[in-house]
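**Q** Dumping the structure here so I can ask a few things about it.
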């Protein structure tokens, strides 16, 4: 299993916006994705990089995960971005438009120690998700559903049916290789009901959290991807019942009329560990 660290909410922050970088230090986000790619205009790229380096060296983001999305190596800014963050106090570099493991190899050769995350946002990336997830430097995946929809020429649907093949492939790959995987953004940041429904869908599918484009989305994502009080109580009861059953020489227990086996205890322990990690964040 990936390390128990909450990634319920991963908020994109433009690397070029001083006020946004300051405000992010106070927001209830589990992770901050400092964006030098899509959120920064071409003529601001170099200045944004310098500003972000300076900010990360001095600002206190607490125990929020600090992830920097750099520009791709196929752009004029990518190599300089990667060089600038060598040795920086960040948790990971997020690489855009990863389509094959070679895309990660190219970055890994330039920055030896920093963990890598992959933006999964191309059709080829979906088809190569398993080999990408197996890369030795990769620790996380982020779904780029806007770019994927553009490449697929798919239409928006509340049930995200056009996305299901890609989402499922990446989920399977991430879980098979013990990676964190975070769902794509919900664009209508004033539509709380729509966001809540999409968070619930992503959580039920198995995603660890949701990428967000606005601070107003944080509370809904944090609630959706956290264990509920009922889930915590059930996990505790399952562990207690199974422990008692083992002490009595039995291999299974029964809680609320349902069989509880060792595999359920693994899930229950993970639920309690996640709840404890969230409590530690706050």
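Derivation of every value follows stated rules applied to the coordinates shown; laboratory data play no part. Please read all numbers here as calculations on a predicted model, not as lab measurements. Because the Cβ atoms are built from the backbone with ideal geometry, glycine has one as well, and the counts that use them run over all protein chains shown.
**Q** Which residues, counting only those in the range 82-112, are in a helix (DSSP H, G or I), over 23 Å from residue 50 (Cβ atoms) and touching a helix residue (DSSP H, G or I) at 6+ places or on another chain (Cβ under 6 Å)? Break it down into steps so the answer makes sense when it comes.
**A** Start the filter on the range 82-112 by keeping residues that are in a helix (DSSP H, G or I), which leaves 82-84, 101-108.
Those left that are additionally over 23 Å from residue 50 (Cβ atoms): 101-106, 108.
Correct list: 101 only.
**Q** Only residues that are closer than 17 Å to residue 7 by Cα and in a helix (DSSP H, G or I): list them for the range 239-282, please. Walk me through it before giving the result.
**A** Restricting attention to the range 239-282, the residues satisfying the condition of being closer than 17 Å to residue 7 by Cα are 270-282.
Answer for the range 239-282, where residues must be closer than 17 Å to residue 7 by Cα and in a helix (DSSP H, G or I): 270, 271, 272, 273, 274, 275, 276, 277, 278, 279, 280, 281.
**Q** I would also like to ask the following. Considering the range 199-213 alone, what residues qualify as being within 13 Å of residue 167 (Cα to Cα) and assigned to a helix (DSSP H, G or I)?
**A** Answer for the range 199-213, where residues must be within 13 Å of residue 167 (Cα to Cα) and assigned to a helix (DSSP H, G or I): 201, 202, 203, 204, 205.
**Q** For the range 20-63, what are the residues that are on the phi < 0 side of the Ramachandran plot, in contact with a helix residue (DSSP H, G or I) (Cβ under 8 Å, 6 or more places away or on another chain) and part of a loop (DSSP other than H, G, I, E, B)?
**A** The answer is 27, 28, 29, 30, 36, 40, 59, 60, 61, 63.
**Q** What's the number of the condition residue 190 fails, among (1) part of a helix (DSSP H, G or I); (2) in contact (Cβ under 8 Å) with a residue 24 or more places away in the chain?
**A** (1)
**Q** So which residues in the range 4-19 are assigned to a loop (DSSP other than H, G, I, E, B) and more than 18 Å from the chain's Cα centre (by Cα), if there are any at all?
**A** The first filter runs over the range 4-19 and keeps only residues assigned to a loop (DSSP other than H, G, I, E, B), leaving 4-8, 15-17.
Selection gives 15, 16, 17.
**Q** Please give the number of the condition residue 222 fails out of (1) farther than 29 Å from residue 98 by Cα; (2) touching a strand residue (DSSP E or B) at 6+ places or on another chain (Cβ under 7 Å).
**A** (1)
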